[in-house]
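Read the structure below first, then the notes.
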Amino acid sequence: MKATIAVLGDTAVSKVNQLQTSKSRYLTLTMMAGFFLGFGIILIFTIGGLLGPTNFAGTKLIMGITFGIALSLVLMAGADLFTSNNMIMTIGTLTKKTTWYETIQIWTFSYLGNFAGAILVAALFFYSGLASGDTADYINTAASAKMNTPFVELLIRGILCNILVCLAVWCAFKLKEETAKLIMIFWCLFAFITSGFEHSIANMTLLSIALMVPHPETVSLAGLAANLVPVTIGNIIGGAVFIGAAYWFANSEKNLEISEK
């Protein structure tokens, strides 16, 4: 585990160097991550639109099984995702390889870039004419529910979600074989989608599409903020505290010395 901590710390340094060298190039990678996650959202909600009218009890199960494409593209193709940065940059800073100022910088740029990529893929999907009929209805139903869920519930769902996402990323750094990495990505994302947890970047695409298609009054820009604020805070807590800080603490030199005694 110490080796994984070291690699993640070096990854944090690499992200900071990349941002300082060229903000435009770094933002391009962050936009790609938002775009890639958008593909996963489009896929699972198209499936939801197809199966929803049949009242098939396993719809969420099928959606969970297929969402693995999102993080698989981010990690295997290469892109920069805000929610994984919550863990990576926290470890980088706690190991004193980066600073909290640099961490906030990376989080800010990756969040904004992810949002831009999510809006772009949402717009392309909307103008493709495929965001219609049962698919649009299913998206509106889901978006309306997400926009009107109580703050605390969204916060906790955000925490639980990014624990799973960051576990997938942690395992991807820890494991050597690409097949093993993909299997862990599948299981972690299957768990978060099927359980109904909340991912801020994935929600950016879903809620943006809902705002573009004809929608009910329960779908609004205010509702977008009402969802993204608590979910984003929850994602940060889940990735930074429950995974990043927890693994750092468990593997810090002082704790290792105590355990050896």
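The values are calculated or read from the model by the stated rules, or taken from the named source; none is laboratory data. For clarity, every value in this text was computed on a predicted model and none was experimentally measured. Counting neighbours? That spans all protein chains shown, and the Cβs are built from the backbone with ideal geometry, glycine included.
Assess whether T46 counts as being modelled with pLDDT of 95 or more, under 21 Å from the mean Cα position of the chain (by Cα), over 20 Å from N140 (Cβ atoms) and of a type in the set (S, T, Y). If you could, list the steps in order and put the result at the bottom.
Working: modelled with pLDDT of 95 or more: yes; under 21 Å from the mean Cα position of the chain (by Cα): yes; over 20 Å from N140 (Cβ atoms): no; of a type in the set (S, T, Y): yes.
Criteria not met by T46.
Rundown of residues vs (1) among the aliphatic types (A, V, I, L, M); (2) in contact with a helix residue (DSSP H, G or I) (Cβ under 8 Å, 6 or more places away or on another chain), yes/no style:
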| site | (1), (2) |
| --- | --- |
| Y26 | no, yes |
| S84 | no, yes |
| I88 | yes, yes |
| L94 | yes, yes |
| Y101 | no, no |
| S110 | no, yes |
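Within the stretch 49-71, track down each residue that is modelled with pLDDT of 95 or more and hydroxyl-bearing (S, T, Y).
T59, T66
Quick one: which of L112, L120, L154, L81 is closer than 23 Å to L189 by Cβ and surrounded by fewer than 20 Cβ atoms within 10 Å (Cβ to Cβ)?
Numbers: L112 fails: closer than 23 Å to L189 by Cβ; L154 fails: surrounded by fewer than 20 Cβ atoms within 10 Å (Cβ to Cβ); L81 fails: surrounded by fewer than 20 Cβ atoms within 10 Å (Cβ to Cβ).
Every option except L120 fails the conditions.
Quickly run through the stretch 36-62 and pick out the residues that are buried (at least 18 other Cβ atoms within 10 Å of the Cβ) and over 30 Å from T11 (Cβ atoms).
Once the filter is applied, which keeps residues that are buried (at least 18 other Cβ atoms within 10 Å of the Cβ) and over 30 Å from T11 (Cβ atoms), the stretch 36-62 yields F45, T46, I47, G48, G49, L51, T59.
Quick check on L228: is it under 15 Å from the mean Cα position of the chain (by Cα), without any contact (Cβ under 8 Å) to a residue 60 or more places away in the chain, surrounded by 21 or more Cβ atoms within 10 Å (Cβ to Cβ) and farther than 23 Å from G78 by Cα?
Details: under 15 Å from the mean Cα position of the chain (by Cα): yes; without any contact (Cβ under 8 Å) to a residue 60 or more places away in the chain: yes; surrounded by 21 or more Cβ atoms within 10 Å (Cβ to Cβ): yes; farther than 23 Å from G78 by Cα: yes.
Answer is yes for this residue.
Mind listing just one residue for me: the one in the stretch 144-190 that is among the aromatic types (F, W, Y) and touching a helix residue (DSSP H, G or I) at 6+ places or on another chain (Cβ under 7 Å) and, of those, farthest from L81 (Cα to Cα)? Give the steps one after another, and end with the answer.
Residues of the stretch 144-190 among the aromatic types (F, W, Y): 151, 170, 173, 186-187, 190.
Filter once more, keeping what is touching a helix residue (DSSP H, G or I) at 6+ places or on another chain (Cβ under 7 Å): 151, 170, 173, 186, 190.
Values: F151: 24, W170: 13, F173: 15, F186: 17, F190: 18 Å.
Here the residue is F151.
Can you tell which of Y26, Y101 is of a type in the set (S, T, Y), at pLDDT 95 or above, over 15 Å from the mean Cα position of the chain (by Cα) and surrounded by fewer than 15 Cβ atoms within 10 Å (Cβ to Cβ)? Spell out the reasoning first.
Values: Y26 fails: surrounded by fewer than 15 Cβ atoms within 10 Å (Cβ to Cβ).
Of the residues listed, the single one that is of a type in the set (S, T, Y), at pLDDT 95 or above, over 15 Å from the mean Cα position of the chain (by Cα) and surrounded by fewer than 15 Cβ atoms within 10 Å (Cβ to Cβ) is Y101.
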